[in-house]
Amino acid sequence: MTWQWIALAIFSLTLLPVGQAMANGWAPRRLRSRLTPVRPRGWALLALYAAAPLNTLPRLADATSA
């Protein structure tokens, strides 16, 4: 269960700020030529971030599989 808390914290510290920045159209200059569709990639990162807590929180609350 400790690893799930650690993974949730890492996702919160990495994917959330980067996804929000990219969804607003920001990308580093050196990657701007490679990341042409910046906004859709940002929304994809935010979708990944949203899926992580939805899968982890029931396990952390010791919910049954039913």
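The values are calculated or read from the model by the stated rules, or taken from the named source; none is laboratory data. What you see is a predicted model; the values in this text were computed from it and never measured. Here the Cβ is made from the backbone with ideal geometry for all residues, glycine too, and neighbour counts use every protein chain on show. Protein only, heavy atoms only, side chains kept; ligands, DNA and RNA dropped before computing areas. Shrake-Rupley method; radii C 1.70, N 1.55, O 1.52, S 1.80 Å.
Residues in region 22-66 that are assigned to a helix (DSSP H, G or I) and of a type in the set (S, T, N, Q) were compared, and the one that is farthest from Ala9 (Cα to Cα) is Asn55. Within region 11-66, if we keep just the residues that are among the β-branched types (Val, Ile, Thr), farther than 24 Å from Met1 by Cα and in contact with a helix residue (DSSP H, G or I) (Cβ under 9 Å, 6 or more places away or on another chain), the residue that is least open to solvent (accessible area, probe 1.4 Å) turns out to be Val38.
Look at Leu15 and say whether it is modelled with pLDDT of 85 or more and within 9 Å of the chain's Cα centre (by Cα).
Numbers: modelled with pLDDT of 85 or more: no; within 9 Å of the chain's Cα centre (by Cα): yes.
For Leu15, the condition - modelled with pLDDT of 85 or more and within 9 Å of the chain's Cα centre (by Cα) - is not met.
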